[in-house]
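A quick write-up on the structure given underneath.
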Amino acid sequence: MNVPPLIRSTLACLAAVFLPLCPGSAQDAYSSPRGAYTVKLPGATAEKPQVRTYLGIQLMPETRFAGRVGQVSGRVISLVSSPDPSFLSEIPGKKYVHVLTGSGEGFVTDIDQVGASTITCADDVTQWILPGNQTQIRIRCHPTISDILGPDNRFGLGSGQDAGSADNLVVWDPELQNERVYYFHSSRLRWEEKDTEADAGGAILRFPHGFYIVRRSTGTLRIALSGEIGSDSVLLPVRTGANVFSLPVNLSASLYQIVRAEGMFPVLSGSNATSADILTLEEPTTGVQRGPFYQMAHDGESRWCEVGVDDSTAPLQPLDFLSTLVVRREGPGGYVFAKGSLEPPAIPIPPLPPDPEADETPLFAEIPLRQPIPADLTATVETSTDLQTWTTYTTPELLPGKVTFQLPSGQGRAFYRLKVSYTPWIR
Amino acid sequence: MTTLFRSIFLAGLVSPSLLAGTVLITTLPDENRELAPLTSLEGIPLSPGTQVRVGAFPSLDDDQVLDLASQGLDEVVAAFVPFGGSREIGQGADGAAGGFEIAVKDSSTAAAWAGQTVSLLIQTAGGEFLVARFPGKVFEPESETGLEPLLCLHLADAKVIVGNRQNENSLATSTAPSVGSFDTWMAGHESITDLLMKSPDADADSDGRSNFLEYATGGDPTSPDDPAACGITPDPEGGFWVHFHRVTGLGTVRYDLQASADMAAAWTTAEGSLQPDPENANTLRMRLAPPLQPALFFRLNVEQKK
């Protein structure tokens, strides 16, 4: 079959901009997979006037830079493949550096300043980043409330004249051991922080912390969370007291697989639950709290324990991808390593029951494009729950700079990619 | 009533604070708390089937709980407001006798424990029980937007109200104490009318034993002729038993058998194991095995732990 030269070159060009290339037919090209989760937020009832759903930032904003670090001096770094990082200044939002390799793998620090040739971080990174092209990093923006829920409250959370009469987005501040409460003001039609008359749509949801929605209005809502798959491992910055964290995507999704119990940056272990970190996992699907768990260390042996349950296998059981981790610590603060992984689980995770509601509002996701798709090429969205097996899902709508498609009804945790194919004419 | 006022009034009625959260209690030892397995009055480690419940005694202080206990377990249970479901000895401790590690959650909207001290009620199948409270630890109301409260507690840090504390690291259940709090016991001796003679340090009957010592050893503060609290009796093997009378179930009372070689030297806690007399749980005894020292003096020190 002869592929006309123009089509062949276009296909190759498209293939080049879809990174990484996935093996397929010679006439197919694939985009990098993205995640799209649909989450149900149950509403309040007479018995439960406030209902909370914990959520994590697991599907990430676009990577702004991925590459190696050249020089390191205190808080200042230079980028190997981008000697002039000033392009980062043109991107709105609070950015952060995420260390991907080396002994500092998982460390996250904000970017305070972007210069003509260097980046100044919020923290001294000497112990986290090796100079001389040895350490890979990723730079992203922290998501904002508007990024997640839309500047116009696109999912229709209950609004009000004050925080106490509206649905809330709550961020737990581990430094202050207190919560920050946001809501959509019904008159000013914007996100505001409780007791503060100012636009809070740009308030950041600082990675890797999680947040929760507290609903006072009735009826189940659905929201869609989408973005790049955040599977990079993370050093969770644990403070004394309570901490709420997002977990990296880990397809094995069990406590045992995700949270490090020994080696560098493990949870604090102890001979009983009062002398160790206490971990609970909040599942958005069921509203169930799993745990409390702790790492018991006694007589030279250590193991995960579920408090009150002998021989518990819960630490080994797969979790909802989007589970949020709450860590409670009595001792001094530190870091705990949480592992991300796209390795397929040994035992396939059962799919989430969609459980659609009647009269659902359709939700959509999008895949960005760096250049338009020529008319002679076909675009198809494929879906997978394990990043191994892909099936055709739908034909997307082509729009400038992106394709959009409707997400399945009900709730789900799935990954999507765009498949672009050349279908030759048969004369 | 205007529409606005009516709606505000209704809002107040339908928005009670949720009382939810988790209380986690352990008896497993760590480097700072070497708590021994919990035992019965006879010293037998508590077994599965012994019920453990977390809850509160709303609006009752420690003395009032002890007074209730002197009336029997049923009175204690009636006053106890449980938090979450009951658990058993051995749970969370791989079934080990005398220990547990539990996490109790309650998401009801009952307001009975709001601000009340976290308490523990342990009941054996045989009717013995132990009541402990965690000073300064209260059931916190869950705020509408805050994190769910989670309390992590160790039984070694609790104040035992009803039960027996053999030593710093040894707790036991008890039958209902024969007396309640000191104040209630003293009030029952109506012949003592002088307020100064009612204090714990006073000796109302001038028998050389303070009122508190009488209280803790089952004595009579109005009679100088009641039996001695302590004694030493020989055993057939050539040793001796040092024994003293106690009132079982007074959880805050500490009994310390002390010894001295000549009463001029410092008194220290007697070396040996203090155990209940198998024939009378109200008697604690320690055996002195031969060969014996030329001379040894004993005294009983009784104090109330606040």
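Things worth noting here:
- Among the residues making up segment A:205-247, a single one is part of a strand (DSSP E or B), within 13 Å of another protein chain (Cβ to nearest Cβ) and hydroxyl-bearing (Ser, Thr, Tyr): A:Tyr212.
- Some residue of segment B:297-304 being in a loop (DSSP other than H, G, I, E, B) and not β-branched (Val, Ile, Thr): no
- Residue match in segment A:206-227 (condition: out of contact with any Phe, Trp or Tyr (no Cβ under 9 Å at 6 or more places or on another chain), open to solvent by 50 Å² or more (accessible area, probe 1.4 Å), more than 18 Å from A:Pro284 (Cα to Cα) and of a type outside the set (A, V, I, L, M)): no
- Search result, residues across segment B:59-100 that are within 14 Å of chain A (Cβ to nearest Cβ) and of a type in the set (Ser, Thr, Tyr): B:Ser86
- Residue, farthest from B:Ala132 (Cα to Cα), within segment B:227-262, restricted to residues that are among the hydrophobic types (A, V, I, L, M, F, W, C), part of a loop (DSSP other than H, G, I, E, B) and open to solvent by 20 Å² or more (accessible area, probe 1.4 Å): B:Ala261
- Filtering A:Gly164, A:Gly202 for residues that are within 12 Å of chain B (Cβ to nearest Cβ), open to solvent by 30 Å² or more (accessible area, probe 1.4 Å) and at pLDDT 95 or above leaves a single hit, A:Gly164.
- Looking only at residues of segment A:299-330 that are hydrophobic (A, V, I, L, M, F, W, C) and within 14 Å of chain B (Cβ to nearest Cβ), we find that the one that is most open to solvent (accessible area, probe 1.4 Å) is A:Val309.
- Of the residues making up segment B:148-168, those that are away from every other protein chain (no Cβ under 14 Å) and open to solvent by 10 Å² or more (accessible area, probe 1.4 Å) are B:Lys159, B:Arg165, B:Gln166, B:Asn167, B:Glu168.
- Of everything in segment B:101-147 that is at the interface with chain A (Cβ under 10 Å from one of its Cβ atoms) and open to solvent by less than 40 Å² (accessible area, probe 1.4 Å), the residue that is modelled with the lowest pLDDT is B:Glu142.
- A:Pro284 modelled with pLDDT of 95 or more and either charged (D, E, K, R) or surrounded by 19 or more Cβ atoms within 10 Å (Cβ to Cβ) (or both): no
The values are calculated or read from the model by the stated rules, or taken from the named source; none is laboratory data. Because the structure is a prediction, the values reported are computed rather than measured. Cβ atoms come from the backbone with ideal geometry, glycine included; neighbour counts cover every protein chain shown. Just the protein is used for accessible areas: all its heavy atoms, side chains included, with ligands, DNA and RNA removed. Shrake-Rupley method; radii C 1.70, N 1.55, O 1.52, S 1.80 Å.
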